[in-house]
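First the structure, in the form of structure tokens, and then the observations on it.
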Amino acid sequence: MSIVTNKQKIHELLTRGVDEVIDCEHLKKQLESGKKLRVKLGIDPTSPHLHLGRSVPLLKLRDFQELGHKVVFIVGDFTGVIGDTSDKESERPMLAAKVVKENLKTYIQQVGKIIDVKKAEIHYNSTWLGKLKYTDIAEQANMFSLAEFIARDNIRNRLSAGTRVSLREILYPLMQGYDSVATAADVEVGGTDQRFNLLAGRSLQPHFGGAAQDIIMNPLVEGTDGRKMSSSWGNTINFTDEPQDMFGKVMSIADDLIVKYFEYFTRIPMADVRGIAKRLSSGGNPRDEKMKLAHEIVCMYHSKKDADRAQEHFISVFSKKEKPDDMPSVKAVGKSIVDVLVAAKIASSKSDARRLIEQGGVQIDDVVVKDAETPVKRGSVIQKGKRFFMKVA
């Protein structure tokens, strides 16, 4: 077994799953000097579930943590209300404070699946942002021009299309930047869509007497439908997904995402990732590599035992075309399929159930349901999509 040197760890820290580093040479010298850095990441609780797209900067935090640096994780309970539109083609509406509060209930628990939260600093940015006065905000705003803000691609495109851009959106980068001031961050990690916000912290810190943070930006990764993974599009693989569902979602991704998922969403050695890429380019079976990927990801968020069971379930249901033995059941004899789907919480409403049926996504005993009023019988097996089965008791 080869020994990984500190120099190799630093190299991988600065390259794996990384699109750009600002200022790379400075950060590299800081890391090689042995200085203990304060590494910051903030996430707004705009959804109750963290997804694998969020794991990319979180895994980078873990890399720093394993090298002995201090992780500073910020729950954006204040910025989550305001709303960041960095990755949006339209204005993100403000969220009610109670919605944000509900969303963040399990955030630390979810983050703890990747980083050691006991060794990290955990902050809520309402602690300092909620205390700022108009004069404070004006001082921060004076550091930036309107031209800098509207030069961003998504903002420029919206303005060109005549779409509304609120003044509130202009203030968001100041808030994220001030988070770096409040926590004295040496490094901030985040997605490429956050570039302007990340640079805002780098500009504000010297103004308030601190050193400008270095920045590590990760690319945005596609979800299960090939678009950028986003909760608003429903194409996510969530930290909280049940093992079987998580395994199935990974198996559904496009073959050309396999290597990217291994590199960004796992920490198997990069030598192994390169080996996987070589096998695939040489005609290897993508399904075999995807099976390893799904097993690895379920292990990360659940356990090896859960991953083994999820793999067995997938093979029996999708490879051998067998139905699972441990199907949940619902007491709904005599009811219509629409009522059953709602009662079992497969559909959020009758209209949602009818939409699923119209799309051909519901089967009863292997027959696609076409009539929303079809009655269900005792012992019938209801199937939604490819992965969900339920028995009528």
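With respect to the conditions (1) surrounded by fewer than 21 Cβ atoms within 10 Å (Cβ to Cβ); (2) assigned to a helix (DSSP H, G or I), His49 falls short on a single one, namely (2). The sole residue among Gly201, Gly190 that is in a strand (DSSP E or B), under 24 Å from the mean Cα position of the chain (by Cα) and either within 26 Å of Tyr264 (Cα to Cα) or of a type in the set (Ser, Thr, Tyr) (or both) is Gly190. Residue selection: Gly226 fails the criterion of being free of Cβ contacts under 8 Å to residues at least 12 places away in the same chain, in a loop (DSSP other than H, G, I, E, B), open to solvent by 10 Å² or more (accessible area, probe 1.4 Å) and not charged (D, E, K, R).
Of all residues in region 230-275, which are under 14 Å from Ala294 (Cα atoms), part of a helix (DSSP H, G or I) and of a type outside the set (A, V, I, L, M, F, W, C)? The answer is Pro243, Gln244, Asp245, Gly248, Lys249, Asp255, Lys260, Tyr261, Glu263, Tyr264. I'd like to know if region 62-71 contains one or more residues that are within 18 Å of Glu121 (Cα to Cα), of a type outside the set (D, E, K, R), in a loop (DSSP other than H, G, I, E, B) and touching a helix residue (DSSP H, G or I) at 6+ places or on another chain (Cβ under 7 Å). Yes; the residues of region 62-71 include at least one that is within 18 Å of Glu121 (Cα to Cα), of a type outside the set (D, E, K, R), in a loop (DSSP other than H, G, I, E, B) and touching a helix residue (DSSP H, G or I) at 6+ places or on another chain (Cβ under 7 Å). All conditions in (1) modelled with pLDDT of 95 or more; (2) loosely packed, with under 12 Cβ neighbours inside 10 Å; (3) under 30 Å from Met300 (Cβ atoms) hold for Lys105, with the sole exception of (1).
Annotation note: Cβ proximity below 7 Å between a residue of region 358-374 that is among the polar types (S, T, N, Q) and a residue that is open to solvent by less than 40 Å² (accessible area, probe 1.4 Å) and part of a loop (DSSP other than H, G, I, E, B) (sequence gap 6+ or interchain) occurs for Gln363/Val369.
Tally up the residues in region 1-45 that are open to solvent by 50 Å² or more (accessible area, probe 1.4 Å), under 29 Å from Asp77 (Cβ atoms) and touching a residue at least 40 places away in the same chain (Cβ under 8 Å), please. Summing the residues that are open to solvent by 50 Å² or more (accessible area, probe 1.4 Å), under 29 Å from Asp77 (Cβ atoms) and touching a residue at least 40 places away in the same chain (Cβ under 8 Å) in region 1-45 gives 3. Determine whether Asp245 is acidic (Asp, Glu), modelled with pLDDT under 95 and open to solvent by 10 Å² or more (accessible area, probe 1.4 Å). Criteria met by Asp245. Considered as a group, the residues in region 164-183 that are open to solvent by 60 Å² or more (accessible area, probe 1.4 Å) and in contact (Cβ under 8 Å) with a residue 12 or more places away in the chain include one that is farthest from Gly42 (Cα to Cα), and that residue is Arg164.
The values are calculated or read from the model by the stated rules, or taken from the named source; none is laboratory data. Everything numeric here is computed off the predicted structure, so don't read it as measured data. In this analysis, Cβ positions are derived from the backbone assuming ideal geometry, glycine residues included, and neighbour counts consider all displayed protein chains. Each accessible area value is taken on the protein alone, full model and side chains, heavy atoms only, with ligands, DNA and RNA left out. Shrake-Rupley method; radii C 1.70, N 1.55, O 1.52, S 1.80 Å.
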